[in-house]
2 protein chains.
Amino acid sequence: MKARVTVTLKTGILDPQGKAIEGALKSLGVDGVASVRQGKVFDIELAGGDKTKAEAVLKEAADKLLANTVIENYRVEIV
Amino acid sequence: MKARVTVTLKTGILDPQGKAIEGALKSLGVDGVASVRQGKVFDIELAGGDKTKAEAVLKEAADKLLANTVIENYRVEIV
């Protein structure tokens, strides 16, 4: 079973990397971009076909390792 | 207008970071994960409300800066 975990910064948390990308896009002449925030995405292949169990495993993985839940939100999707 | 650009490694490109995450999940006792591949996500706020123009701007941004199209695929979504 395939799944995707998307990790994004919480609202209000500064994102210097996103700010740098904004600046770089401006320098490259890409107009119309108001703001950029960068996050991470994990494409995960799971053994077994139980969806409920898969969601529990992904939540555990996100809480323990993939996301820093103090400053980041995550979203789990079974693809 | 809000948009999301998701950048993922092409199939066949080695992902040592993903491999490291797999190993770390195993060490942490998270079972049932067969493989992990890491990508990037960019949440972009665009000025103006023209969807066609927005898609063109995002494609340009991805080609010029956000993705290395030699080894990465990207997907543009208007949210």
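Determine, from the Cβ-Cβ distance of A:LYS10 and A:ASP31 and an R0 of 25 Å, the FRET efficiency 1/(1 + (r/R0)^6), rounded to the nearest 0.05. Given R0 = 25 Å and the Cβ-Cβ separation, E is 0.30.
Distance distribution P(r), region B:2-78, all Cα-Cα pairs, bin width 5 angstrom from 0: 3, 15, 21, 16, 13, 12, 10, 6, 3, 1 percent. In whole percent, what relative contact order does chain A give with Cα contacts below 8 Å and a gap of six or more residues? About 54 percent, as a whole number.
The fraction of accessible area contributed by carbon and sulfur in chain B is 54 percent, rounded to a whole number (1.4 Å probe; ligands and nucleic acids excluded). Across the identical copies, the label point of A:GLY49 (7 Å from Cα in the Cβ direction) is separated from its matches by 4.7 nm, in order from shortest.
Rounded to whole numbers, the Karplus 3J(HN,Hα) couplings from phi for region B:34-42 are 8, 7, 10, 10, 9, x, 10, 10, 10 Hz, using 6.51 cos²θ - 1.76 cosθ + 1.60 with θ = phi - 60°, and x at Gly and Pro. Between the helical axis of A:51-61 and the longest alpha-carbon principal axis of chain A there is an angle of about 50 degrees. Just to confirm my numbers, what's the Cα centroid distance between region A:33-59 and region B:45-70 in Å? With region A:33-59 and region B:45-70 each reduced to a Cα centre, they are spaced 24 Å. Across peptide A:67-77, the average count of Cβ atoms from other chains found within 10 Å of a residue's Cβ is 0. The residues of the protein assembly as shown present an accessible area of 55 Å² per residue when probed at 1.4 Å with all protein chains retained. Placing a label point 7 Å from Cα along the Cα-to-Cβ direction at B:GLY23 gives distances to the equivalent points in the other copies of 3.5 nm, listed shortest first. The alpha carbon convex hull volume per residue for the protein assembly as shown rounds to 119 Å³. Take B:THR69, push a point 7 Å out from Cα through the beta-carbon direction, and compare it with the same point in every other copy: 4.0 nm, smallest first.
With a 10 Å cut-off around each Cβ of A:52-65, the average count of Cβ atoms from other chains is 3.
The values are calculated or read from the model by the stated rules, or taken from the named source; none is laboratory data. If you're wondering where the values come from, they're calculated on a predicted model, not measured in any experiment. All Cβ positions, glycine included, derive from the backbone under ideal geometry; neighbour counts span all protein chains shown. These area figures cover heavy atoms from the full protein model, side chains too; ligands, DNA and RNA do not enter into them. Shrake-Rupley method; radii C 1.70, N 1.55, O 1.52, S 1.80 Å.
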